[in-house]
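Encoded as C-alpha cells, the structure appears first; notes follow it.
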Amino acid sequence: MAASDYLENEVLDHILGEGARNFTSPASLYIGLFTSSAGLETNSPSAEVSGNGYVRQGVNFNAASGGSATNNGAIQFPTATGTWGVITHMAILDASTSGNVIFYSALTTSKTVETDDVFQFSDAAITVSLA
C-alpha cells in the first residue's frame, strides 16, 4: 500500500513541527473500491464505484507488528444491484463519503462486479506498511 500525498504531508508536518501540526488519527476508517488509480495519490480520486448498492465499508485494523498492520475481520460490501465495473484499486479513507485518501493500492487481481455479486476482503487480507 502507498500513502497518499495528503497523509505524507500531514505526518511530516506533525513530526517535523511545521504547518498546523494538528494531524489527528481519524475516528473511523473506510474501504473504498475504484476502477482505476486516477487521483488516489493526490487525494482527488475520480474513479470510485458509485450507485448500484455500493457504499464504502468501515474497517478496523489489528495493532501493528513487525512494521505492518492487517485488517481485523472480513470486510463485505453490499450485494451489487447492478454492475460496478472492473475493480482494480482500493483505498483506505477517513470518511464514509468524500474525505481524504489515507492509503491506496492496486488489487492483486482485478475483479468484475456484476449484478448480485458480493465483493469482500477476508480477515487480514489487507496489509498496510510504511516500507
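Tabulated data for the structure shown
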read-out	value
Which listed residue, of ALA74, ALA124, ALA63, is without any contact (Cβ under 8 Å) to a residue 40 or more places away in the chain and under 16 Å from LEU29 (Cβ atoms)	ALA63
Filtered residues of segment 88-105 (kept if of a type in the set (Val, Ile, Thr) and buried (at least 20 other Cβ atoms within 10 Å of the Cβ))	ILE92, VAL101, ILE102
Tally of residues being within 30 Å of THR24 (Cβ to Cβ) and out of contact with any strand residue (DSSP E or B) (no Cβ under 9 Å at 6 or more places or on another chain) across segment 98-121	1
First in segment 13-36 and within 30 Å of THR108 (Cβ to Cβ) and surrounded by fewer than 15 Cβ atoms within 10 Å (Cβ to Cβ), second anywhere and modelled with pLDDT of 80 or more and not β-branched (Val, Ile, Thr), Cβ under 7 Å, 6 or more apart	PRO26/ASP94; SER28/GLY58
Residue in segment 51-87 that is surrounded by the most Cβ atoms within 10 Å (Cβ to Cβ), counting only those that are assigned to a loop (DSSP other than H, G, I, E, B) and of a type in the set (S, T, N, Q)	ASN52
Qualifying residue in segment 92-101 (condition: under 13 Å from the mean Cα position of the chain (by Cα) and of a type in the set (Asp, Glu))	yes
Boolean, THR108 is surrounded by fewer than 18 Cβ atoms within 10 Å (Cβ to Cβ) and not in a loop (DSSP other than H, G, I, E, B)	yes
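Rundown of residues vs (1) among the small types (Gly, Ala, Ser); (2) touching a Gly at 6+ places or on another chain (Cβ under 8 Å), yes/no style:
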position: ASN22; (1), (2): no, no
position: SER28; (1), (2): yes, yes
position: LEU40; (1), (2): no, no
position: GLU48; (1), (2): no, yes
position: GLY51; (1), (2): yes, yes
position: ARG56; (1), (2): no, yes
position: ASN62; (1), (2): no, no
position: SER68; (1), (2): yes, no
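The values are calculated or read from the model by the stated rules, or taken from the named source; none is laboratory data. Just so it is clear, the model here is predicted, and its values are computed rather than measured. A quick note on method: Cβ atoms are made from the backbone with ideal geometry, for glycine too, and the neighbour counts reach across all protein chains shown.
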